[in-house]
Structures are given as C-alpha cells and as structure tokens.
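Engineer: Encoded as structure tokens, here's the structure I'll be asking about.
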Amino acid sequence: MSDVRFETFGLNARLLSPPKPMGRIHHHHEMEINFLFSGGVTYLHRGAMCKLMPRRLTMFWGSTPHSLVAAEPGSEMAWITVPLAWVWSWALPRKFIRGLMEGRWWTAPTGSHERFPVRAWVEELEDASPSRHERLLLELHACFLWMAEQAATTSDAEVRAIPAGATGGLHRIERMARFMAERFQDSISVADVAAAAELHPNYAMPLFQRHCGVTIHDYLMQYRLTHAQWLLLTTDEKIIDVALASGFGSLSSFYEAFTRIAKEPPQTFRRRMRA
C-alpha cells in the first residue's frame, strides 16, 4: 500500500530547539510559516535544497512535498501552520496566493523579526483560549498581508535565488527530486528518475527511500496530487482535464488516488475549499 498521505495540523505551532531532520517527505493542506532564530536549517522543497534565512519569516504551501533534511547544532526555529481555507478567505493579492500555491517559497526582507512577535505566537497557540486565538488570527492575517506587500516588489529572480545548492551527500536526492518536480506531468519511470542522478535504479530506490521516507513512486504521486489540488482550487477545469494535466493516465486512476489519499473525491474537495 502507498505511504502517501496528507497530514492535518490546523492552526498549530511548535518551537523546535533544536529542529531535527524529519527522515521523510510529507505534505499537508495548511500554509506553513518558518522562522529561524539561530543556527542553520535546510529543507528539501520543490525538488531543491532550500536554506532558511536567519531571523526572516518564510512562508510556503505545505501541500508541496517537503522535508527538513539538515540542521546545524544550536539551531532554534518556530514552525506555524495556518489552515488554507482561512488564508484563502483573507482575499490576499492574486500574485501572492498564486505564487504560494505554485510552490513558491516567500521569504521576508531583513527586519521581519522586529515586526512580528513569532515566539509569542508559538506560546499563545499552546493556550486553548478562544479569545487569544481570535486575536492571534488577526495578527497572522496582518502578517500575510505584509508578506504579500513585500512579494509585490520581489522579482522572480530573487525568489529563485533562495534555493541553495547541494548539501553534503544529499545532492543525488536533490537531482532526483528536481527531475520529478520538473517532469511529474509526464509518463516517467523509476529508471528515468535514477538516470537523472546517474544512478542504477536498484541503488536509487533504496537511497531515496532511506533519506526521504517514501518511495520514488510515492513522491511522484505527491507532486501530482498537489498540482491537482492547485488546479481544482484556482481553475474551473473539468475533473478529467485536471487529472490529465496532473500526470494521471486516466480519470479512474485519478479518482482512486485522490479519494484514498485526500479522504474525499476531487469535486468534494473543490466545493468545500471554495466555500
């Protein structure tokens, strides 16, 4: 049985001191905020190794397959998730939301640590008081609006410059993940993915699973499902067109995979999230 699954965190936060490599790729429906107080942290995200910028807010859509793969000693970071439906309801600028849902990695300019009390947000989210959460949501809404303002003046070149190069022995993993991120809409095999990293399939398969916690096939499935979610939310394309544009060979295989992993049919997901 496939190990692909969507996790659900809701409005949540954790202080990671120190953060630890996850040992697996995962994805979830929420928008994710990271803030690195000290040290260094590297993610495998969108087929590339990406380093968090110290003391600068970073946002991305958690549905894009990702994993924390390396952390320097003494690192400390905040991890916050905000339900997609709430962010969707805030009517943020189209460029910003589209960028997030296409897998962009938005990083705030220097000085964001003075503007937002990230540590206090984490502490308050551990308190179950509804009144505190209501105020905190207003602050998070303001944070997303501010980030959208910064994104309006950020060039595509600056966004693409964020991903780092190969990190240690993970460069083979990065090459395989990047190949799948670029070719997930095509009919590709494990042998094709292995060849992109100049590896034999019998070596590439256990290497990828050991570092990422999922098989090459499951990682590819995650990318296809994430793209399908994006199309369902941002277009009015027919379900069959969404399936084919996301790399599925047939409508039946798309329905089976989406319903099994997302726990609801694609049209139900579209109606619920748009509502």
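Engineer: As a test of the formula, what do you get for the chain when each DSSP H run with n ≥ 4 contributes -39,500 (n - 2.57) and the sum is divided by the residue count, at 222 nm and rounded to the nearest 500 deg cm²/dmol?
Structural biologist: Theoretical 222 nm ellipticity from helices: -14500 deg cm²/dmol.
Engineer: Using 16 Å as the cut-off for backbone N distance, which residues of the stretch 34-67 belong to the label zone defined by a point 7 Å from the Cα of TRP146 along Cα→Cβ?
Structural biologist: 34-37, 55-59
Engineer: Sorting check: for 20-29, 208-217, which peptide has the highest mean count of neighbouring beta carbons within 10 Å, and how do the rest follow?
Structural biologist: 208-217, 20-29
Engineer: Continuing with the same structure: First measure r as the distance between the Cβ atoms of SER187 and ARG55, then evaluate 1/(1 + (r/R0)^6) with R0 = 30 Å and state the FRET efficiency to the nearest 0.05.
Structural biologist: It comes to 0.10.
Engineer: Using the basic label-point model (7 angstrom from Cα toward the beta carbon), what is the THR153 to LYS95 distance in nanometres?
Structural biologist: The answer from the label model is 1.2 nm.
Engineer: Over the stretch 6-163, what is the percentage of antiparallel beta bridges among all DSSP beta bridges, to the nearest 5?
Structural biologist: 90 percent
Engineer: May I ask you to derive the relative contact order of the stretch 164-275, considering only C-alpha pairs under 8 Å and at least 6 residues apart, and to give it as an integer percent?
Structural biologist: Normalised by residue count, the contact order of the stretch 164-275 is 20 percent.
Engineer: Going 7 Å from the Cα of THR234 toward and past its Cβ, which residues in the stretch 175-210 have a backbone nitrogen under 18 Å from where you end up?
Structural biologist: Inside the label zone: 181-186.
Engineer: Starting from the Cα gyration tensor of the stretch 6-163, take the square roots of the eigenvalues, sort them a ≥ b ≥ c, and report rounded, prolate or oblate (rounded when a/c is under 1.5, otherwise prolate if a/b is larger than b/c, else oblate).
Structural biologist: Rounded, because the longest to shortest axis ratio a/c is under 1.5.
Engineer: Starting from the Cα of GLU134, step 7 Å along the direction of its Cβ; do the same at LEU15; then give the gap between the two resulting points in nm.
Structural biologist: Placing both labels 7 Å beyond Cα along the Cβ direction yields 2.7 nm.
Engineer: For VAL122, VAL41, what ranking results if the residue with the fewest other Cβ atoms within 10 Å of its Cβ goes first?
Structural biologist: VAL122, VAL41
Engineer: Could you give the length gained by full extension between ALA85 and ARG210, i.e. 0.36 nm per residue of separation minus their alpha carbon distance, to one decimal place?
Structural biologist: Gain on extension, ALA85 to ARG210, equals 41.6 nm.
Read-outs: derived from the displayed coordinates by stated rules, not from any lab. Quick caveat, the model's predicted, so the values are computed rather than measured. Cβ coordinates were reconstructed from backbone atoms using ideal geometry, including for glycine residues, and neighbour counts include every protein chain displayed.
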